[in-house]
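The values are calculated or read from the model by the stated rules, or taken from the named source; none is laboratory data. Here the structure is a predicted model, which means the values were calculated and not measured. No Cβ is skipped: glycine too gets one built from the backbone with ideal geometry, and neighbour counts run over all protein chains shown.
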Amino acid sequence: MSRRNNDERLGAPHPDAPTPPTQTTGGDLFSFVNPTEFVDLPSGGTLYPSGHPLHNVETVEIRHMTAKEEDILTSETLLRRGLAIDKLVESVLVDKSLHPSTLLVGDKNAILVASRITGFGTIYDATVGCPECLEQQTETFDLGAIQNKTVDTTGAEVTPEGTYIFPLPVTGVDIEIKLLTSGDETRITQTVANRKKNNLPETNSTLLLKALVVSANGITDPSQLTRFADVMPLQDAQHIRGMYQQLRPDVDMSLPFNCSKCSYDGEVTMPLTADFFWPKR
């Protein structure tokens, strides 16, 4: 999922270059260079608009985590405001023109996995439930085995703007959806939390639809799209959500799983619990 490119940053000598002087005690404490990784983006950069720094860029360079990033992850203020993860991503990105809120969700996930490996290693212990018997057990996952998933565009047309168009099974409407950015996902989460705080009914399904849909039969008027999301048949709504999961580039969190209680031997989706960036020591 990522590869190293540290020779130049670590000052690896050119074959014809003179031998550098040996560093002595009391030398420059900051003469080393923090190593970096190039992370392969699940999107390959093809789904960003032309003005975005990652347009047609296949990889992004990140710094290895340091004590500075640990401070971010343990900041009570950032944790309380839900900003710790975005601040972490912002901190490790070498290209400071990139902002976490503009990253596609799958690309941000790839950066998070790669960052976690540089900070805490590839081993991740998490509690998972068996898909058959629901037995909970602790499983050790190897983050180094995670790959970017293969996107299946069957049944959808990709537009030059990086959106997807496909027909709905019941109404026959040609629906156009976009891929969610980290900022979109944050706004949905905040809206859900605000509604819960104010004792309002949950509208998680329609919130997602309203965030995804950018046009219906060529109509882009937000008020009409909002109304359509509220009244569309359930099968059409389920089809949109299913197509989004099929089309979105991301890291593949499906890993082998063997249940210790029943005979299930297959795959489970690796859960991203609090221990992902805050492992027990």
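Among the residues making up segment 150-188, those that are closer than 22 Å to His52 by Cβ, out of contact with any helix residue (DSSP H, G or I) (no Cβ under 8 Å at 6 or more places or on another chain) and of a type outside the set (Ser, Thr, Tyr) are Glu157, Val158, Pro160, Glu161, Gly162, Ile165, Glu176. For first residues located in segment 81-105 and within 25 Å of Leu208 (Cβ to Cβ), partners that are among the small types (Gly, Ala, Ser) and outside any helix (DSSP H, G or I) and lie 6+ apart or on another chain with Cβ distances below 6 Å form the pairs Leu104/Ser43. Report yes if Lys210 is basic (Lys, Arg) and either surrounded by 15 or more Cβ atoms within 10 Å (Cβ to Cβ) or part of a strand (DSSP E or B) (or both), otherwise no. So Lys210 passes the test.
The residue that is modelled with the lowest pLDDT, counting only those in segment 240-264 that are in contact with a Phe, Trp or Tyr (Cβ under 8 Å, 6 or more places away or on another chain) and not hydroxyl-bearing (Ser, Thr, Tyr), is Leu255. Exactly one residue out of Glu157, Glu161, Glu90 is at pLDDT 90 or above, surrounded by fewer than 15 Cβ atoms within 10 Å (Cβ to Cβ) and closer than 23 Å to Gly45 by Cβ: that is Glu157.
In this structure, Thr189 does not qualify as in contact (Cβ under 8 Å) with a residue 60 or more places away in the chain, of a type outside the set (A, V, I, L, M) and either over 30 Å from Glu76 (Cα atoms) or surrounded by 15 or more Cβ atoms within 10 Å (Cβ to Cβ) (or both). Against the list (1) touching a Phe, Trp or Tyr at 6+ places or on another chain (Cβ under 6 Å); (2) free of Cβ contacts under 8 Å to residues at least 60 places away in the same chain, the condition Ser115 fails is (1).
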